[in-house]
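Reading through the structure tokens given below for one structure.
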Amino acid sequence: MQRYRVHWSGFTGSPGVSTFYFGSPVDPAADLHTLFTAIAGHLPSQVRLDFPTSGDVITDTSGQLTGSFTSSGAAQVAGSGTNIYAPTTGAVWKWLTSTAINGRKVLGKTFIVPVDDGSLSSGTLTTATVTAMQTALTTWHATTAGGLQKVWNRPRVGVPGAQTAITGVTVSNFAAVLRSRRD
């Protein structure tokens, strides 16, 4: 299974990372670049996203690193929203599956933090923000890389890890708050 990380920088609370998993060999950089370019208007102008020229190959059952893969990388994406933002507040993308493991439905999440002040209203994402992100995600899911994206269920005592196909994507209108482990 492939693991590819998009690196976030340039804002209070950075660095950050968005991690994506793929079940089949793919170069996800160009498709991810298109996804994040589509939402750049909702990211503060200080945010910079970098797409590396390599990623990891891991075993889905154990999470052990077994190698690496080469990626084309992509040009940096810069946020183009306002420069006013709450550094811990943003959006959450939900990766839906139809698989249950250990009696629970597998669900993946990607936190898009921070978003600019214009993307929020009264503690929720604006309708325009949800619509723009949902459109970008639906388009992403139809790309080659998006169609191969998986949710990885990490191994736990007595239960091996597993990769699960994504059947749908959604953006919650509630603002997400991302906290550091140092909090």
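Taking the stretch 11-36 as the search range and keeping residues that are at pLDDT below 95 and closer than 19 Å to Thr82 by Cα, which one is surrounded by the fewest Cβ atoms within 10 Å (Cβ to Cβ)?
Among those that are at pLDDT below 95 and closer than 19 Å to Thr82 by Cα, it is Thr12.
Quick one: in the stretch 125-165, which of the residues that are touching a helix residue (DSSP H, G or I) at 6+ places or on another chain (Cβ under 7 Å) and in a loop (DSSP other than H, G, I, E, B) is modelled with the lowest pLDDT?
Ranking the qualifying residues of the stretch 125-165, first place goes to Thr143.
Identify, by number, the condition in (1) out of contact with any His (no Cβ under 9 Å at 6 or more places or on another chain); (2) closer than 30 Å to Pro155 by Cα that Gly16 doesn't meet.
The single condition Gly16 does not satisfy is (1).
Within the stretch 37-50, can you find the residues that are surrounded by 22 or more Cβ atoms within 10 Å (Cβ to Cβ) and hydrophobic (A, V, I, L, M, F, W, C)? Give the steps one after another, and end with the answer.
At the first step, the residues of the stretch 37-50 found to be surrounded by 22 or more Cβ atoms within 10 Å (Cβ to Cβ) are 39, 42-44, 47, 49.
Hits for the stretch 37-50 are Ile39, Leu43, Val47, Leu49.
So Pro87 clears everything in (1) outside any strand (DSSP E or B); (2) in contact with a strand residue (DSSP E or B) (Cβ under 7 Å, 6 or more places away or on another chain) except one condition, right? Which one?
(2)
Quick one: would you say Gly118 is at negative phi, at pLDDT below 95 and surrounded by 15 or more Cβ atoms within 10 Å (Cβ to Cβ)? Please lay out each step first, then the result.
Values: at negative phi: yes; at pLDDT below 95: yes; surrounded by 15 or more Cβ atoms within 10 Å (Cβ to Cβ): yes.
The answer is yes for Gly118.
Being surrounded by 15 or more Cβ atoms within 10 Å (Cβ to Cβ) and more than 16 Å from the chain's Cα centre (by Cα) is the filter here; which residues of the stretch 130-162 pass it?
Within the stretch 130-162, Pro155, Gly161, Ala162 meet the criteria.
The values are calculated or read from the model by the stated rules, or taken from the named source; none is laboratory data. Quick caveat: nothing in here was measured; it's all calculated off a predicted structure. Counting neighbours? That spans all protein chains shown, and the Cβs are built from the backbone with ideal geometry, glycine included.
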